[in-house]
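Please treat every number below as a calculation from the coordinates, not as lab data. Predicted model only: the values in this text are computed from it and were never measured. Neighbour counts are summed over all protein chains in view; Cβ atoms, including those assigned to glycine, are modelled from backbone coordinates with ideal geometry.
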Amino acid sequence: MRRKQLVSWRHWLGSAVAVGLLGGCSMAPRYGNPELPRTALAPPVDYFSVSWWAQLVEPTTLEYAPREVASPAYDPQSKTVIALTRDGYIRGVGQDGKVKWSKKTATRFAAGPTVSEGVVFVPGGDGVLYALDAATGDEKWKYAANESLATVPVVAEGLVLVGSESDTLFAVKAADGVWAWQYRRDPPSGFTVRGASRPTVRDGMVYMGFSDGYVVSLNMKDGATHWEKSLSGSGNEFLDVDSSPVLDDHGQLYVTSFKNGIFALEAETGDMVWSSSVPGMTALVGRGQMLFAVGDARLDAYLAEDGRLLWSLPLGERAGFTPVFAKGMLLVPIQRSLLFVDPKTGKSRVSWNPGDGITATPFVAGSQVFVLSNNGWLYALDVRGLNG
């Protein structure tokens, strides 16, 4: 865990001293917190509006560059937003912006929760996987992994899958939290990049990347290895395959190696289809025939068929975090703000900073987007998209 913290602080400090807003996209207007007088500009109603906001974390004395890295989640049954914050609290927030329930854990979180059928599964930084009633916060069960959990849990085929900062993938039964199986790789001895690959599940198989530069395919039933492939070559530093694997409808798997770039593999065999040598990428999302990769200082769009670069948006010296789609726009957290990007052209339309920037990936529920800012405020946005 110490290795990942060291590298993440290096990235954050480098971003804090960078000059200018966004380097190549500095022309995008920047908007702030509608409640704070020091941010004069209100968000543009042609792209989005803020329906409510709630302060979850009180600022502490001498706290420098606060960071909220856990993405929120949403329970459509109870209309509850679940937010995990740096003070170690799990909170359920109603559609009026009021906290409905809260639960204290031992330490801060490295990843956000997921909700399935009214149950929220929380990956604890304290090494515990919690299953709570999303409407009330009542505990259903908990599983002690004894390793700091670092990925948004995935619920599939009756199991909950969650990865740790120590490169272990745990599988427990969703109904009662009983251990089913686990898969572990030995982390490299050198520095790694903050974050971990969220597992992807399809057709009874699990795909996941690890900090030693490998991506693996496992059997969902028992965790048995189907194939494993090294993408980062030799060495012991910055080998991470931290992006969540992306699967298309043609049986191809896409992942990023921080050291060596973007790879397209045959999902069945792990054989390479193509690669693009673009180091520094940490996150990848797919949309139709396009792939969008983000990492140190850039956001790229590629053609999934052959890896051809379609456009690139410079981010100055800032690192981008995992983006999401909302109403035809690509929303990209870049620590200082949230970018609203046209995915066809790569043009940044809006840069929104509600206070201390945004590091956590927003959660999209239809036209509503829930954003947790680095100062501990939770926002509900009504997004209108590119056409207003």
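Overview of values
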{"read-out": "Relative contact order of the chain, pairs being alpha-carbon contacts under 8 Å that are 6 or more residues apart, as %", "value": "16"}
{"read-out": "Within the stretch 97-247: Cβ-based charge dipole about Cα centre, in debye rounded to nearest 20 (Lys, Arg +1; Asp, Glu -1)", "value": "460"}
{"read-out": "Contour excess over end-to-end distance, with Cα ends at Glu266 and Met290 and 0.36 nm allotted per residue", "value": "6.9 nm"}
{"read-out": "Difference of contour (0.36 nm per residue) and Cα-Cα distance, Leu386 to Arg184", "value": "68.4 nm"}
{"read-out": "Dipole of the chain, positive end: most advanced residue of Leu149, Leu339, Ser257 [Cβ charges, Cα centre]", "value": "Leu339"}
{"read-out": "FRET efficiency, Ala106 to Asp248 (Cβ-Cβ, R0 35 Å, nearest 0.05)", "value": "0.30"}
{"read-out": "From phi via Karplus (6.51, -1.76, 1.60), per-residue ³J(HN,Hα) for the stretch 238-247 in Hz, x at Gly/Pro", "value": "6, 8, 3, 10, 9, 6, 6, x, 10, 10"}
{"read-out": "Per-pair calculated FRET efficiency, R0 = 35 Å: Ala65 and Glu237 via Cβ, rounded to 0.05", "value": "0.90"}
{"read-out": "Unit charges on C-beta of K, R, D, E only; dipole of the chain, Debye", "value": "960"}
{"read-out": "Selection from Leu159, Val383, Val128 lying farthest towards where the dipole of the chain points positive, charges on Cβ", "value": "Val383"}
{"read-out": "Estimated inter-spin distance, Ala365 and Glu228, nm [label 7 Å along Cα→Cβ]", "value": "4.0"}
{"read-out": "Identified option (computed semi-axes √(5λ) of the Cα gyration tensor in Å; candidates (1) 29, 26, 20; (2) 40, 37, 17; (3) 49, 24, 18)", "value": "(1)"}
{"read-out": "Within a Gaussian network of the chain (alpha carbon springs, distance under 10 Å), most fluctuating of Ala111, Ala54, Ala196", "value": "Ala54"}
{"read-out": "Percent RCO, i.e. relative contact order, over the stretch 286-381, from Cα pairs under 8 Å lying at least 6 residues apart", "value": "17"}
{"read-out": "Inter-label distance for Thr345 and Gln55, nm, one decimal - labels placed 7 Å from Cα along Cα-to-Cβ", "value": "3.9"}
{"read-out": "Amide proton proximity set for Ser211, modelled H, under 5 Å, gap of 5+", "value": "Val241"}
{"read-out": "Dipole-positive endmost among Leu218, Met281, Pro323 within the stretch 198-343 (Cβ charges, Cα centre)", "value": "Pro323"}
{"read-out": "Lys, Arg +1 and Asp, Glu -1 on Cβ, resulting dipole of the stretch 75-174 about Cα centre, debye, nearest 20", "value": "360"}
{"read-out": "The stretch 251-297 shape via C-alpha gyration tensor axes, a/c threshold 1.5", "value": "oblate"}
{"read-out": "Gain in span if fully extended, Val99 to Trp274, counting 0.36 nm per residue against the direct Cα distance", "value": "58.2 nm"}
{"read-out": "Whole-Hz couplings from phi, Karplus 6.51/-1.76/1.60, listed for the stretch 313-321; x for Gly and Pro", "value": "10, x, 10, x, 9, 8, 9, x, 10"}
{"read-out": "Greater than 30 Å apart at Cα, pairs in Lys79/Lys229; Lys98/Lys344; Lys79/Lys327; Lys140/Lys229", "value": "Lys79/Lys229; Lys98/Lys344; Lys140/Lys229"}
{"read-out": "MRE, 222 nm, helices only [DSSP H, n ≥ 4, -39500 (n - 2.57), over the chain, to nearest 500]", "value": "-1500 deg cm²/dmol"}
